[in-house]
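Before any comments, here is the structure.
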Amino acid sequence: MNHIRQAFEKMTMPVCAINAAQQLVFWNPAATAIFGHAAEDVVGRPCWAVIQGNSLQGKPICRRHCPMLALIQQTEATTDFRMLSQGPDGVLHQWQVHTTTVRTTDHTNHLVHFLRPASAPNPAFALHLLGAVQLCAADGRRLNGTTWASERQLAIFVYLALNRDHPVTPKELQHQLWPHLPAEDVVGEVTAVSNTLAHLLNLANPVWQVNGGYQLPKNLCFWLDTDEFDKRLTQAADEPDPAEETRLLQEVVDLYRDDFLLNVPLRSSWIVTWRTHFQQGYLAALQRLSTLYEEAGELLAAQQIYLNALKTRPLSGEYGRSFIHLVEANATPSQTLRQCKRLISLLQSELEILQEACRQPLTSSDPANDEL
């Protein structure tokens, strides 16, 4: 086994091994170079929390109770699949993952993943929607060579990216973004979006016409911070280890650069609904993360976590003044924490009211909510 371990150590491709509890038991230097984690920092941690792999369509595939675990009970079992992951420097990686079962000298089975760089023609991009919209190439470069002609066209691109698993009809786009625009003008708006994307992504046909609707190409790989936000939040809720839960929640907080589509000043209900969803998730993460720090006796760290709630831009002046008073007050850490908890609760209540208002259908006398 030592000879096998030494061979894995010398491989230029990332190699890792996990046990039946999904804990990493081996991590070679090539994996450290790609993912940015030293072996001593990841061995013993859940594999899904470290690798954070997605399908080529951007959907999470690394998770607790992974279907791959079924192979660990079999001898000489192998399988291959494709995976997309993002390194700590923002670089996107596409992998051809070969998985095999290895039996050790203590008669226990482990799964070994070999991550070979994929040479497939699938272009990959990272799309950041929490905060100002940012589109990045696979190597981490921000694509800022072209500005969008209007916030509406940027919103169309975001809507297509969020609904990339199915064609979006012109009628749906019209309803979701500008119900008072003549239907025939939708085609012109989408054409403009396609032309902008063609320049940004260096693709000949970046918006497909499929079954009477519009869809981004299926071979186009997107990493979305919104997907990662929800994935880590779900993982944290299921995590029994406080240290691992703290780490996952901190990643949730770090992903939230600012409110969803911060630089798109449209008031369409789908934007408000998504924005409220992520605000609520962010506040819940802050609340739980601060509680974990408080239980560990780190009151100042708990207070600083709570103050991140300012990013959700409280709607009422009363809450804003309360936060300013909180920052300036010479209260004890325990008093400050109590005030923080009260304000978080008020913000959550306000977001629930806003979300409920978005669910109410418009009447014919209601003003349009899609104008700039």
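Every number in this text was worked out from the coordinates using simple rules, so none of it is lab data. Keep in mind that this is a model prediction, so the values were computed, not measured. All Cβ positions, glycine included, derive from the backbone under ideal geometry; neighbour counts span all protein chains shown.
Backbone amide hydrogens, once placed in the peptide plane, bring Val91 within less than 5 Å of nothing, excluding anything fewer than 5 places away on its chain. Counting every other Cβ atom within 10 Å of each residue's Cβ, His65, His107, His37 order from fewest to most as His107, His65, His37. Around Lys231, what is the net charge, scoring Lys/Arg as +1 and Asp/Glu as -1 over all other residues with Cβ under 13 Å from its Cβ? So the environment of Lys231 carries a net charge of -3.
Exposure proxy shown here: for Glu245, Glu40, the number of other Cβ atoms within 10 Å sets the order, fewest to most, as Glu40, Glu245. Averaging the Cα positions of each part gives two centres, and for the stretch 217-273 and the stretch 1-27 these lie 31 Å apart.
Once you have the Cα-Cα distance between Thr78 and Leu181, take 0.36 nm times their residue separation minus that, and quote the gain in nm to one decimal.
Details: separation 103, 0.36 × 103 = 37.08 nm, distance 5.46 nm.
Length gained, Thr78 through Leu181: 31.6 nm.
Legend: ranking of residues Ser119, Ser55, Ser269 from fewest to most surrounding C-beta atoms inside 10 Å; resulting order Ser119, Ser55, Ser269.
Short-range pairs are left out: with C-alpha atoms under 8 Å and at least six residues apart, the relative contact order of the stretch 2-117 is 24 percent.
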